[in-house]
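Scroll down for the structure; my scribbles are underneath it.
The values are calculated or read from the model by the stated rules, or taken from the named source; none is laboratory data. These numbers come from a predicted model, not from an experiment. Counting neighbours? That spans all protein chains shown, and the Cβs are built from the backbone with ideal geometry, glycine included.
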Amino acid sequence: MLKFIGSGSAFNTKLGNNAAYYKVGNQMLLIDCGSNIFHRIKENNLLEGIEHIHVLITHTHADHVGSLADFIFYSYYGHGEMGKPNVSLYSVHDVKIEELLTINGIIPGVHCLTKKCQSDTQYTLNFCKVLFEWSSHVKELPSYSIELYIDDKLIYYTGDTNSLKASLRNPNESNKVYDYVYVDTCKADYEGNVHLSLRKLSELVRPELRSKFWCMHLDEGFDRQEAEMLGFNVVTNEF
Ligand SMILES: [Zn+2]
């Protein structure tokens, strides 16, 4: 369903920072824009035929926003009609993305359009519906998961987190049945981990539910085969 520009954790330079995208006609949805994502977008001509990009931001760790300012400046000066904003940014107000971008020299409202969202509130974008939900990650920064409704499919994208909400573990008890669940998964497994280890994910998700789960944000020690043997899917980068 979603495609991935990068599917790695902060230090996984081989797979790149975790960032998903989806294209419909001349519009593109992009989730996060970490340190090496602008480079990958440009090198792979990902913006060809795209006139407007809707960017959803989960949180402000550098592996999720590190090249966002470069991307916005490029879209303003180097892609499409010069001097016309073609990026719309969506994030929850307490993520403070406007403050971050302003320090980078971006003028919200000029170089890009911004929407300060409320959590647990659904917003209708050009071709999809979006809802941010608070997720457990680090205490220094607010971090959000994203529920997406695109082409009659309900998608859950955890962003960075070390937990899984109950309705994902027990869909029978929920009024929401997700078609795709993209979940931050790592090999690293230690007390206080701010990401979700494959071991913990396996404890939380019963085998019969695992075919809807897609591991992403993979660390270097992550064993794709091990995850697949357990019944999970693992995302791959795709341009
Ligand atoms: Zn993070």
* Is it the case that residue 92 is touching a helix residue (DSSP H, G or I) at 6+ places or on another chain (Cβ under 8 Å) and at pLDDT 95 or above? -> no
* **Matching residues, the range 108-120, being more than 25 Å from residue 135 (Cβ to Cβ) and loosely packed, with under 13 Cβ neighbours inside 10 Å** => 109, 110
* **Selection count, the range 69-84, where residues are of a type in the set (A, V, I, L, M) and either within 14 Å of the ligand (Cβ to nearest atom) or touching a His at 6+ places or on another chain (Cβ under 6 Å) (or both)** => 1
* To do: Check the range 206-221 and report whether any residue there is part of a loop (DSSP other than H, G, I, E, B), within 16 Å of the ligand (Cβ to nearest atom) and either surrounded by 15 or more Cβ atoms within 10 Å (Cβ to Cβ) or not charged (D, E, K, R) (or both).
  => yes
* **Residue that is farthest from the ligand (Cβ to nearest atom), among those in the range 149-188 that are β-branched (Val, Ile, Thr) and not in a loop (DSSP other than H, G, I, E, B)** => 150
* Mind listing whichever residues of the range 44-61 are surrounded by 22 or more Cβ atoms within 10 Å (Cβ to Cβ), within 16 Å of the ligand (Cβ to nearest atom) and either hydroxyl-bearing (Ser, Thr, Tyr) or part of a strand (DSSP E or B) (or both)? => 56, 58
* residue 18 within 16 Å of the ligand (Cβ to nearest atom) and closer than 22 Å to residue 233 by Cα -> yes
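Which residues, counting only those in the range 193-205, are within 14 Å of the ligand (Cβ to nearest atom) and farther than 25 Å from residue 148 by Cα?
Step one: of the range 193-205, the residues within 14 Å of the ligand (Cβ to nearest atom) are 193-196.
Correct list: 193 only.
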* Asked: Of the residues that make up the range 136-144, is at least one within 16 Å of the chain's Cα centre (by Cα) and either away from the ligand (no atom under 16 Å from the Cβ) or over 22 Å from residue 118 (Cα atoms) (or both)?
  -> no
* Structure fact -> Over the range 100-143, the set of residues in a loop (DSSP other than H, G, I, E, B), touching a strand residue (DSSP E or B) at 6+ places or on another chain (Cβ under 6 Å) and closer than 20 Å to residue 85 by Cα is 125, 126, 127
* Asked: Failed condition for residue 146, given (1) exposed (fewer than 15 other Cβ atoms within 10 Å of the Cβ); (2) in a strand (DSSP E or B); (3) β-branched (Val, Ile, Thr), with all others met?
  -> (1)
